[in-house]
1. Among 100, 31, 83, which is modelled with pLDDT of 95 or more, surrounded by fewer than 22 Cβ atoms within 10 Å (Cβ to Cβ) and under 26 Å from residue 505 (Cβ atoms)?
2. If I ask for residues that are at pLDDT 95 or above, under 22 Å from residue 389 (Cβ atoms) and in a loop (DSSP other than H, G, I, E, B), which ones from segment 339-364 would you list?
3. If you check 187, 176, 161, which single one turns out to be touching a helix residue (DSSP H, G or I) at 6+ places or on another chain (Cβ under 7 Å), at pLDDT 95 or above and not in a loop (DSSP other than H, G, I, E, B)?
4. Search segment 191-211 for residues being in a loop (DSSP other than H, G, I, E, B) and free of Cβ contacts under 8 Å to residues at least 40 places away in the same chain, and hand back the single one that is surrounded by the fewest Cβ atoms within 10 Å (Cβ to Cβ).
5. Mind checking whether some residue in segment 45-57 is touching a helix residue (DSSP H, G or I) at 6+ places or on another chain (Cβ under 6 Å), modelled with pLDDT of 60 or more and surrounded by fewer than 18 Cβ atoms within 10 Å (Cβ to Cβ)?
6. For segment 289-335, how many residues meet the condition of being buried (at least 20 other Cβ atoms within 10 Å of the Cβ), part of a loop (DSSP other than H, G, I, E, B) and touching a helix residue (DSSP H, G or I) at 6+ places or on another chain (Cβ under 7 Å)?
7. Could you tell me whether residue 379 is modelled with pLDDT under 95 and in contact with a helix residue (DSSP H, G or I) (Cβ under 8 Å, 6 or more places away or on another chain)?
8. Condition check: over 15 Å from residue 144 (Cα atoms), in a helix (DSSP H, G or I) and either at pLDDT below 95 or touching a helix residue (DSSP H, G or I) at 6+ places or on another chain (Cβ under 8 Å) (or both). Does residue 14 satisfy that?
């Protein structure tokens, strides 16, 4: 009898299953909406948005460094990763390539998480000041994800509500996408505090929102709007909140993070259990460090794969001008690891415990230049790089704001007024004031000099591709200093292709021009 009962039960289960609506939510599974009940849920929710930065290798753990640096004329794919090398040399035929499709998809993971915060936190009974701040953080983070989507893909769909599998959004225009970035930042700024302390250090501040807003305006050559936003730091509420640190290299050391020059940093934490390149420790906790140091580090031992390196012309840019005391620009040694990082040459330049001459002096690598700002070799005793570097990425810093403000002022015809902000940056490097060595520059000549100033101050900080795009300088003419630009097609390679897999799933999405 027992066997008959069991068989009958099985038949009833099969019969029931045949008539089941599989699109109906499982009542035994928690839903997204059921999570958002308490203040603690709101905090966990916004923290999850920040955690998107560390998601696999596709965002600030690794790939966004490739997009901003190696895709520009300052760097190139220098190792054995053929996929990386092809994409960075504008030779991409697979539009589902993980390097570009994965970045797109994970940026939208961040958008999705931010949208949940914005949809559900307003309905939670909690401390109102904290609620306002969390909503401001979510808008800032969504704007940052869309900043990258717009910069690198041009025409992303605008999704402002928690998405569902049945959504079929259309592409926004490039102008519409930038407008959304602007809108989020303008709404975020008043909701955010000027500073944080303790465990909240690293969250988005009002300065972060105003700095990114100024950058978004400038990227579109909206010079007056950019000047207005960036004036917040110069003459507005943010005056005196940020200052240039005395030692330029302190902006790139794990031991001097979140300093007075830092406006917004991607926070990283060393995980000693991370020993693979997948950016996830499968057995313990998620890896909240960055793997870029291991992938950018020079080859040999346990310190690097040399997947990306710098072009030699960038080094030469630092040699165009000496300091007021007739010395080499000190920013060069902080920016690159090469045969003469130590001005005395390869016999004195240290590379993880050995001299450059010992490691590479008799090899084909003796003329290589590696980006240094993401490495940890400047920390005493460092002899290796791990897949979980603790070195924060300074996404926005005050020196960048000063140079952007000068560019915006020059763009509205106030070139004379722009000089002092460039001079502040030059003074920290020991250079004579631009107002002394090059007074009276025309608008165009001043912009040409600003391009040089941004190279010497900001090389290796992920902004070079954005700069070239903003100035309209992307094109085959750059091949004289970066041969990869021989493949660059105007009207196509300013943006990546939209993943074909997304287009296949969503007939309302269209591919970017000429792909």
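1. Details: 100 fails: surrounded by fewer than 22 Cβ atoms within 10 Å (Cβ to Cβ); 31 fails: modelled with pLDDT of 95 or more.
After applying the criteria, what remains is 83.
2. Correct list: 341, 349.
3. Numbers: 176 fails: touching a helix residue (DSSP H, G or I) at 6+ places or on another chain (Cβ under 7 Å); 161 fails: not in a loop (DSSP other than H, G, I, E, B).
Criteria check complete, one pass: 187.
4. Checked segment 191-211; the qualifying residue surrounded by the fewest Cβ atoms within 10 Å (Cβ to Cβ) is 197.
5. Checking segment 45-57: at least one residue is touching a helix residue (DSSP H, G or I) at 6+ places or on another chain (Cβ under 6 Å), modelled with pLDDT of 60 or more and surrounded by fewer than 18 Cβ atoms within 10 Å (Cβ to Cβ).
6. Total satisfying the criteria: 3.
7. Numbers: modelled with pLDDT under 95: yes; in contact with a helix residue (DSSP H, G or I) (Cβ under 8 Å, 6 or more places away or on another chain): yes.
So residue 379 fits the description; yes.
8. Working: over 15 Å from residue 144 (Cα atoms): yes; in a helix (DSSP H, G or I): yes; either at pLDDT below 95 or touching a helix residue (DSSP H, G or I) at 6+ places or on another chain (Cβ under 8 Å) (or both): yes.
Taking the combined requirement at face value, the residue satisfies it.
The values are calculated or read from the model by the stated rules, or taken from the named source; none is laboratory data. Everything numeric in this text was worked out from a predicted model, so none of it was measured. Because the Cβ atoms are built from the backbone with ideal geometry, glycine has one as well, and the counts that use them run over all protein chains shown.
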